[in-house]
1. 7 Å from Cα along Cα→Cβ at both GLU62 and HIS262: what's the point-to-point distance in nm?
2. Which entry in (i) 18.5, 62; (ii) 19.8, 60; (iii) 17.9, 54 is this structure's computed Rg and Dmax of the Cα atoms in Å?
3. Between VAL80 and ALA140, with labels modelled 7 Å along Cα→Cβ, what's the label distance in nm to one decimal, could you check?
4. Determine the gain in length on full extension of the stretch GLU91-ARG118; use 0.36 nm per residue of separation and subtract their C-alpha separation, reporting nm with one decimal.
5. Per-residue HN-Hα couplings for the range 57-67, Karplus 6.51 cos²θ - 1.76 cosθ + 1.60 at θ = phi - 60°, whole Hz, x for Gly and Pro?
6. Just flag the GluC sites (Glu not before Pro) in the range 35-122 sitting in loop per DSSP whose Cβ has no more than 12 other Cβ atoms within 10 Å.
7. How would the range 146-205 be classified by its alpha-carbon gyration tensor: rounded, prolate or oblate, with rounded meaning a/c under 1.5 and the a/b versus b/c comparison settling the rest?
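Please treat every number below as a calculation from the coordinates, not as lab data. Because the structure is a prediction, the values reported are computed rather than measured. No Cβ is skipped: glycine too gets one built from the backbone with ideal geometry, and neighbour counts run over all protein chains shown.
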Amino acid sequence: MPDRRAFGGEFAGRVALVTGAGQGIGAAVTQALAALGATVAATDRAADTVSVVASALTEEFEDDPTAGPVNSYALDVTDVHAVEETVDRVERELGPVDILVNVAGVLRTAPVLELTDRDWAETFAVNTTGVFHVSRAVVARMAPRGTGCVVTVASNAAGIPRPRMAAYAASKAAAVMFTKCLGLEQARNGIRCNVVAPGSTDTPMQRALWADESDAVRVVDGDPHPAAYRTGIPLGRIARPQDIADAVTFLASDRARQITMHDLYVDGGATLR
C-alpha cells in the first residue's frame with residue numbers, strides 16, 4: 001500500500017464532500033482524504049453509521065497535526081432538496097467545497113426478466129440520479145470560483161456485461177458518461193471531472209454476493225460457466241477499499257492537474273483493459 005505520509009498535508013485547506021461515506025469505499029475515501037489534510041464532509045443516508053465513521057476517524061487522527069477533521073452529515077442523494085440544503089450547510093460550516101467524491105451506490109441483482117420495476121428505479125435513483133443531484137449542486141458553486149474537482153466512483157461493470165447485474169451496470173455506465181460530459185462542459189471553468197472504476201473490492205456490498213469464502217476464490221480465478229462468464233483477476237487478489245481510495249486521492253490531487261474526463265479502472269486487470 002502506498003505510504004500516504006509522503007504526501008502529508010497535500011489537501012490542507014481544502015474541503016471535500018464524500019457521499020456514501022458510511023462504509024466500504026466511501027469510508028476509505030473519507031479516511032484517505034482526511035489523512036492528507038482535507039476537511040471532510042462525510043455524508044450518508046445512514047446517519048448513525050456515518051457518525052460512527054466520523055467519530056472513529058477523529059479519534060484516529062487526534063495526534064496527527066497534518067490530518068484534517070471529519071464531519072458527518074445525513075444525506076439521501078435521491079432527495080434533490082436535501083442535497084441542496086446539505087451542500088449549502090457544508091459550505092456555511094466548513095467552507096467552499098473543493099473536492100466532490102460520488103461514492104453512494106446500491107446493488108440489486110437479478111436476471112433481466114426477473115428484475116422488478118422498483119429495483120430498476122431504486123438503482124438508478126441512487127447510482128445515477130444521485131450523482132447528478134450532488135454533482136450539479138456542488139459544481140454550480142465551484143464554477144464561479146474557477147476551480148474544483150469531481151471524482152465519481154463507478155464500477156468496471158460499466159464497461160463489461162455481467163449476468164444478473166443489468167440495472168447496476170447500466171446505472172454505473174450512465175454515471176460514467178454523465179461525469180465525462182460534466183467534465184467537458186466545466187473544463188473552461190477549471191473543474192476536472194474523472195471516474196474511478198473499481199472491480200471486485202472487499203466491501204459489505206461485495207460480500208453480500210457471496211455464500212461463503214469460496215466465492216472469493218472464484219472471483220479471483222474466474223468462472224467461464226454461463227452463469228458467470230467471469231475472466232478472473234490477473235493480479236490474483238481482490239482489491240481493498242484503500243486501493244480505490246488511493247486512486248481517488250490521486251485524481252483529486254494537483255498531481256493529476258492535467259487529467260479530466262478519464263475513467264481509471266482499478267480492477268487488477270479483470271476487464272483485460
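1. Calculated label separation equals 3.8 nm.
2. (iii)
3. Roughly 0.9 nm, to one decimal.
4. Additional length available on full extension: 6.3 nm.
5. Rounded to whole hertz, the list is 6, 4, 5, 4, 9, 4, 9, 9, x, 8, 7.
6. The qualifying sites are GLU62.
7. Note, shape of the range 146-205 comes out prolate.
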